[in-house]
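Coordinate-derived values only; no laboratory data. Note that this is a predicted model, so its numbers are computed, not measured. Every residue, glycine among them, receives a Cβ derived from its backbone with ideal geometry; neighbour counts consider all protein chains shown.
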Amino acid sequence: MKPTDGRPSRLWLWFAAACVLQVIVWGAWITFASKHRVAEVPLAPARPR
């Protein structure tokens, strides 16, 4: 798939930008999750003893 105007394809630039954006989003998500702990929820109801 060659561009018609003779310029090189910039598809690799879009791909690189998408990868960088994905790394930034994952980093923000992990940072946010590490600062806001979630309460532990039991998977099964507690049995009366």
Phi-derived 3J(HN,Hα) across the stretch 30-44 with the Karplus relation (6.51, -1.76, 1.60, θ = phi - 60°), rounded Hz, x for Gly and Pro, is 5, 4, 4, 5, 6, 8, 10, 5, 9, 5, 6, 10, x, 7, 10
Each label sits 7 Å from Cα toward the beta-carbon; between SER34 and ALA17 the label points are separated, in nm, by 2.9 nm
With +1 at each Lys and Arg Cβ and -1 at each Asp and Glu Cβ, the charge dipole magnitude of the stretch 1-47 around its Cα centre, to the nearest 20 debye, comes out at 20 debye
Rounded to the angstrom and largest first, Cα extents along the principal axes for the chain equal 78, 23, 8
